[in-house]
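First the structure, in the form of structure tokens, and then the observations on it.
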Amino acid sequence: MKAIRIGYWVSTIIISAMMLFSSYAYLTKDAVREAFHHLGFPDYFRVELAIAKLLGAILLLVPGIGRLLEWVYAGFFITFISAFIAHTASNDPVPNRMMPLIFAVLLLVSYITYYKKLPVKALAN
């Protein structure tokens, strides 16, 4: 049980930290602005995504938010898959394509271990 809790917290903290960092970069780095243009996205989408990532990263670490957590996991998973598709469609280098998939797997580890660490009574509600 302790290994599951450690796996949950390590994966969740890595995902949250990466989302916080990318949210900051989306709003402050010119290179990221150019990358969004390269992928064909408008500036307002970059700002929306930064705000969504910031809120999601915070909510991922807040205990007891129930079904809202499901939306956070779903939103992040869709974001990672969409990033993979966008980088692939733009013929970006393989590492740029693979990083979103690696983070999607890490997100799945967080999701699965979240439910494994809960007591059975909590799952029934």
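At-a-glance table
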{"quantity": "Unique residue being surrounded by fewer than 14 Cβ atoms within 10 Å (Cβ to Cβ), touching a residue at least 12 places away in the same chain (Cβ under 8 Å) and of a type in the set (A, V, I, L, M) when the list is Ile6, Ile51", "calculated": "Ile51"}
{"quantity": "Condition check for Tyr73: surrounded by 14 or more Cβ atoms within 10 Å (Cβ to Cβ), at pLDDT 95 or above and within 20 Å of Ser23 (Cα to Cα)", "calculated": "yes"}
{"quantity": "Some residue of the stretch 111-120 being closer than 19 Å to Ile15 by Cβ and part of a loop (DSSP other than H, G, I, E, B)", "calculated": "yes"}
{"quantity": "Failed condition for Tyr8, given (1) out of contact with any helix residue (DSSP H, G or I) (no Cβ under 6 Å at 6 or more places or on another chain); (2) within 30 Å of Tyr115 (Cα to Cα)", "calculated": "(1)"}
{"quantity": "Yes/no for Val94 being surrounded by fewer than 18 Cβ atoms within 10 Å (Cβ to Cβ) and within 20 Å of Arg5 (Cβ to Cβ)", "calculated": "no"}
{"quantity": "Filtered residue count, the stretch 40-64, keeping only those that are touching a helix residue (DSSP H, G or I) at 6+ places or on another chain (Cβ under 6 Å) and within 20 Å of Ser11 (Cα to Cα)", "calculated": "7"}
{"quantity": "Odd one out for Ile78, checked against (1) of a type in the set (A, V, I, L, M); (2) surrounded by 12 or more Cβ atoms within 10 Å (Cβ to Cβ); (3) free of Cβ contacts under 8 Å to residues at least 60 places away in the same chain", "calculated": "(2)"}
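The values are calculated or read from the model by the stated rules, or taken from the named source; none is laboratory data. The structure displayed is predicted, hence computed values, not measured ones. Note: ideal-geometry Cβ built from the backbone for every residue, glycine included; neighbour counts use all protein chains shown.
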